[in-house]
Amino acid sequence: MLIKNRKSWELSGRDATPQALYQDRRTILKGMGLAGLAGIAASLHPLARRAALAVGSGLTYADGGHGTDEEKTPYRDVTGYNNYYEFGTGKLDPARYAGAMTTEPWSVKVEGEVENPGTYAVEDLVDFSKLIERVYRLRCVEAWSMVIPWIGVPLKDIITRLGPTSRAKFVQFETLARPSEMRGLSRRVLDWPYKEGLRIDEAMNPLTLMAVGLYGEVLPNQNGAPMRLVVPWKYGFKSIKSIVAIRFVEKQPTTAWLRSAPREYGFYSNVNPDVDHPRWSQRRERRIGEFLKRKTLMFNGYAEEVAHLYAGMDLKKNF
Ligand code: MTE
């Protein structure tokens with residue numbers, strides 16, 4: 001287990017009152033020795049993930065650090081109240097329909113300004129022997145939020161191994177678009193496939209996570225299996241799910257939301273209580289499971305770690 005100095009963004013599983021299910025799972029895993037089995041499997045990477053899946057156990061991971069006393073959003077809300085438009089625009093649609101998505105086998109195309117382009121298996125991008133847990137606030141543009149214990153690796157570890165060239169200034173990500181398994185694709189709500197992008201320094205920031213699990217388990221399909229981004233200081237839609245392509249590019253890439261409503265969704269989409277969405281205020285948010293609204297924090301509370309990325313930029317223009 002890695003014990004590191006606490007950072008404000010490293011919320012702790014231990015500090016918060018753990019969800020019963022979460023706690024049970026860990027206890028059960030220990031009791032049955034499955035955690036040990038998964039641990040051995042992890043060192044046998046790339047068989048690790050398949051072994052973990054086969055025994056139906058959780059993933060083996062180290063604590064990413066500790067920090068806040070914020071309570072985690074219950075597992076049933078994290079996995080039952082979702083945005084994943086490829087399965088429908090209703091909040092309950094992803095949990096209902098995402099089971100139809102095949103995630104094994106899965107391959108990810110790596111293209112563009114990069115030393116090691118190619119087609120990769122998830123196991124070749126994500127080092128399953130180095131998974132960490134990070135409890136992050138996720139603030140949706142629709143003015144609700146959750147606190148979720150994610151499991152994954154810092155995106156910068158993946159990018160470093162892929163080796164972007166000096167011309168790579170941005171990274172674009174793309175989601176699977178398979179109409180036979182994703183019923184929402186029959187409606188052109190967005191310009192499919194779903195795309196998102198980050199500036200390379202945002203992608204390399206230690207906060208940016210490539211998640212493969214949550215609450216100690218392999219990522220459920222509705223949350224973006226088998227791998228999805230988590231960019232905690234940006235509105236939730238930047239955290240693209242079920243990634244099948246990573247493209248290193250010189251110019252700012254397009255995104256699904258920019259194409260659909262450029263005046264409502266900017267490229268940066270940093271959480272900012274001072275910049276309203278054209279149709280509603282972003283000053284407050286409802287934490288799922290709570291009744292009273294709370295104040296939205298600049299950069300979703302991660303200003304100390306990321307404000308420097310935007311020094312000198314007008315964040316009202318670059319929203
Ligand atoms: N990724 C894809 N491919 N399609 C989507 O519709 N929705 C985004 C983001 N990633 C979305 C997506 C939005 S709006 C949010 S708030 C988060 O996923 C929700 O993540 P969660 O359901 O795991 O909480």
Checking residue 108 against (1) at pLDDT below 95; (2) under 22 Å from residue 250 (Cα atoms), which single condition isn't satisfied?
(1)
In the range 268-308, which residues are out of contact with any helix residue (DSSP H, G or I) (no Cβ under 6 Å at 6 or more places or on another chain) and among the hydrophobic types (A, V, I, L, M, F, W, C)?
275, 280, 291, 292, 297, 298, 303, 307
Hey, can you tell me all the residues within the range 105-115 that are part of a loop (DSSP other than H, G, I, E, B) and under 19 Å from the mean Cα position of the chain (by Cα)?
106
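For (1) under 14 Å from residue 223 (Cα atoms); (2) surrounded by fewer than 17 Cβ atoms within 10 Å (Cβ to Cβ); (3) within 12 Å of the ligand (Cβ to nearest atom); (4) hydroxyl-bearing (Ser, Thr, Tyr), each residue gets a yes or a no:
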position: 83; (1), (2), (3), (4): yes, no, yes, no
position: 88; (1), (2), (3), (4): yes, no, yes, no
position: 91; (1), (2), (3), (4): yes, yes, yes, no
position: 105; (1), (2), (3), (4): no, yes, no, no
position: 111; (1), (2), (3), (4): no, yes, no, no
position: 121; (1), (2), (3), (4): no, yes, no, no
position: 124; (1), (2), (3), (4): no, yes, no, no
position: 142; (1), (2), (3), (4): no, yes, yes, no
position: 153; (1), (2), (3), (4): no, no, no, no
Just the residues that are of a type in the set (Asp, Glu) and open to solvent by 70 Å² or more (accessible area, probe 1.4 Å), please, taken from the range 291-313.
304
Test each condition in (1) in contact (Cβ under 8 Å) with a residue 60 or more places away in the chain; (2) open to solvent by less than 10 Å² (accessible area, probe 1.4 Å); (3) under 15 Å from residue 83 (Cα atoms) for residue 207 and report the one that comes out false.
(3)
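Against the condition buried (at least 21 other Cβ atoms within 10 Å of the Cβ) and more than 10 Å from the ligand (Cβ to nearest atom), how does residue 76 come out, does it pass?
The answer is no for residue 76.
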Test residue 129 against the criterion of being out of contact with any Lys or Arg (no Cβ under 9 Å at 6 or more places or on another chain), of a type in the set (S, T, N, Q) and farther than 18 Å from residue 249 by Cβ, and give yes or no.
yes
Can you confirm whether residue 218 is among the β-branched types (Val, Ile, Thr) and either in contact with a strand residue (DSSP E or B) (Cβ under 6 Å, 6 or more places away or on another chain) or crowded, with 23+ Cβ neighbours inside 10 Å (or both)?
no
Tell me yes or no: at least one residue of the range 183-195 is among the acidic types (Asp, Glu), in contact with a Lys or Arg (Cβ under 9 Å, 6 or more places away or on another chain), within 13 Å of the ligand (Cβ to nearest atom) and within 18 Å of residue 89 (Cα to Cα).
yes
Can you tell me which residues in the range 229-241 are out of contact with any Pro (no Cβ under 9 Å at 6 or more places or on another chain) and open to solvent by less than 10 Å² (accessible area, probe 1.4 Å)?
229, 230, 231, 232, 233, 234, 238, 240
Is it the case that some residue within the range 250-268 is assigned to a strand (DSSP E or B), touching a residue at least 24 places away in the same chain (Cβ under 8 Å) and within 22 Å of the chain's Cα centre (by Cα)?
no
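The values are calculated or read from the model by the stated rules, or taken from the named source; none is laboratory data. Everything numeric in this text was worked out from a predicted model, so none of it was measured. Reconstructed Cβ throughout: ideal geometry from the backbone, glycine too, with neighbour counts over all protein chains shown. The protein model used for the area step is the full one, side chains on, heavy atoms only, and it has no ligands, DNA or RNA in it. Shrake-Rupley method; radii C 1.70, N 1.55, O 1.52, S 1.80 Å.
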